[in-house]
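Undergrad: Before we start, here is the structure in question, set down as structure tokens.
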Amino acid sequence: MGCCDGFARCVLVTFNILFVLTGVFVLGVGIFLKVNPNLLNIQHVIELNSGDKYISTAAYILIGFGIFVLLVGLFGFIGGCKQIKFFLALYMGCVVLVFLGEFSAGIIAAVYKGKVDDTLQTVLRESLSEYDSKNKTSELVNKGWDGVQSWLKCCGERNFTDYTVMKIPLAGDKLVPDSCCGSNKQECQKEAKAKVKPFKNLYYQGCYDQMENQIKSHITLLIGAGVGVAMFQLLGIFLACAAWKKSDDDDLRV
């Protein structure tokens with residue numbers, strides 16, 4: 001029995017180490033989504049006008065539960081090593097909460113992924129209409145679009161002509177923002193005016209397709225981090241339950 005007890009404790013402690021590592025991974029994914037400047041620009045573009053903050057919400061949930069997992073790991077080590085029922089119960093309850101939270105983050109991301117095809121084009125057009133509009137959100141909209149266009153080397157939603165039909169002309173009599181241009185800004189503006197290929201300095205293609213691909217790929221990362229890690233943590237719930245039962249059996253023998 002002593003050998004079996006030692007093995008059971010070793011399994012639980014080993015799982016708890018892996019559990020903590022999953023928490024570090026989840027925390028890292030959440031932080032990456034909130035600090036990566038390119039992803040932040042995409043969030044500025046799609047979230048300010050639409051009110052759809054699915055990516056931000058899921059990222060904050062992952063950050064919160066990633067930190068929580070690191071704290072819960074302490075209960076798991078104490079409960080697994082010492083077989084203390086209070087810590088085992090606390091560990092069990094916390095793992096259930098972590099499972100529900102991370103699973104929820106994955107579901108939120110999956111719901112948004114299903115909406116991308118239906119809503120993204122409209123959201124981008126509404127957001128682009130706010131570019132350089134001088135209202136309270138235009139600064140973040142400008143920053144978002146400029147960042148996205150420089151990063152993906154694209155211009156506008158469909159193509160660079162989106163800026164020529166805007167209700168509010170761009171400042172400085174520009175036809176496209178500087179973020180739609182390569183190194184030679186003056187030649188870029190001339191190319192935008194002439195509208196004749198080949199475009200050597202102008203990013204003439206629209207951003208829709210590339211943004212859609214970027215959003216979907218990072219939503220897939222969110223789903224994997226949330227749902228995938230949550231499934232792994234089910235094992236922790238079963239192991240904690242087994243350790244609790246073993247503790248009860250020991251109490252009866254005493």
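Undergrad: Could you tally the net charge around residue 105, taking each other residue with its Cβ under 14 Å from the Cβ of residue 105, Lys/Arg +1 and Asp/Glu -1?
TA: Result for the local shell: +2.
Undergrad: Further question on the same structure: Could you put 104, 183 in order of accessible surface area, largest first, with the 1.4 Å probe and the full protein assembly present?
TA: Solvent-accessible surface, decreasing: 183, 104.
Undergrad: Here's something else I'd like to know. If DNA, RNA and ligands are ignored and the probe is 1.4 Å, what is the ranking of 212, 139, 157 by accessible area, most exposed first?
TA: Sorted by accessible area, descending: 139, 212, 157.
Undergrad: Right, something else. Could you pull out every residue, at least 5 positions away or on a different chain, whose amide H is within less than 5 Å of the one on residue 181? Hs are placed 1.01 Å off N in the peptide plane, and Pro or chain starts have none.
TA: For residue 181, the qualifying residues are 203.
Undergrad: Quick one: if you stick a label point 7 Å off each Cα along the C-beta vector at residue 232 and residue 107, how many nm between them?
TA: Taking the simple label geometry, residue 232 and residue 107 are separated by 2.2 nm.
Undergrad: Mind giving me the FRET efficiency for residue 216 and residue 89? R0 is 45 Å, r the Cβ-Cβ distance, nearest 0.05 is fine.
TA: Efficiency for this residue pair is about 0.65.
Undergrad: With labels modelled as points extended 7 Å from the Cα through the Cβ direction, what inter-label distance (nm, one decimal) is found for residue 166 paired with residue 77?
TA: 5.4
Undergrad: Need the full-extension length gain, residue 60 to residue 31, defined as separation in residues times 0.36 nm minus the C-alpha distance. One decimal, nm.
TA: 9.6 nm
Undergrad: Please work out how much length the chain gains when fully extended from residue 194 to residue 158, using 0.36 nm per residue of separation minus the C-alpha to C-alpha distance, in nm with one decimal.
TA: Here the answer is 11.2 nm.
Undergrad: What is the magnitude of the charge dipole of the range 137-202 about its Cα centre, with +1 placed on the Cβ of each Lys and Arg, -1 on the Cβ of each Asp and Glu, and no other charges, expressed in debye to the nearest 20?
TA: That gives a dipole near 260 debye.
Undergrad: Using a Förster distance of 41 Å, how high is the FRET efficiency between residue 115 and residue 187, based on the Cβ-Cβ distance and rounded to 0.05?
TA: For residue 115 and residue 187, the calculated efficiency is 0.55.
The values are calculated or read from the model by the stated rules, or taken from the named source; none is laboratory data. Fair warning: this is a prediction, and the values are worked out from it, not measured in the lab. Methodologically, a virtual Cβ is constructed for each residue, glycine included, from the backbone with ideal geometry; neighbour enumeration extends over all protein chains shown. Ligands, DNA and RNA are stripped out before the accessible areas are found, and what is left, the full protein with its side chains, is counted by its heavy atoms. Shrake-Rupley method; radii C 1.70, N 1.55, O 1.52, S 1.80 Å.
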